[in-house]
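> Before anything else, here's the structure in question.
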Amino acid sequence: MCEFTVILEENNEKKEICGNVVKARQKDGTVIIVDASGSRIKVDRATIEVVDTLMQQLVLKTS
């Protein structure tokens, strides 16, 4: 299974916010990410910027 590490880019700084992510959905300015154990994290005012399967990274950016 392909699991992603989520990187949040905020104020030109990048930080890892979670790993083992299997699902991400963007709705109404919020990104909802779900990890392999089923835990959900909401990131408000965010957009999905990059999905990189080779690096197994999902990059979010806040506005």
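The values are calculated or read from the model by the stated rules, or taken from the named source; none is laboratory data. The structure presented is a predicted model; accordingly, all values stated were derived computationally and were not measured. Note that each Cβ is placed from the backbone with ideal geometry, even for glycine, and that neighbours are counted across all protein chains shown.
> Starting from region 16-32, take each residue that is over 10 Å from VAL43 (Cβ atoms) and list its partners that are modelled with pLDDT under 95, counting only C-beta distances under 7 angstrom and pairs at least six apart or across chains.
Listed by first residue and then by second, the contacts come to VAL22/MET1.
> Which ones in region 24-48 are outside any strand (DSSP E or B) and either within 11 Å of LEU8 (Cβ to Cβ) or at pLDDT 95 or above (or both)?
ALA36, SER37, GLY38, SER39, ARG45
> Looking at region 49-60, I want the residues that are in contact (Cβ under 8 Å) with a residue 24 or more places away in the chain and in a loop (DSSP other than H, G, I, E, B) and have a partner that is surrounded by 15 or more Cβ atoms within 10 Å (Cβ to Cβ) and of a type outside the set (D, E, K, R) with Cβ atoms under 9 Å, at least 6 apart or on another chain. Which pairs are those?
Qualifying pairs under 9 Å: THR53/PHE4; GLN56/PHE4; GLN56/THR5.
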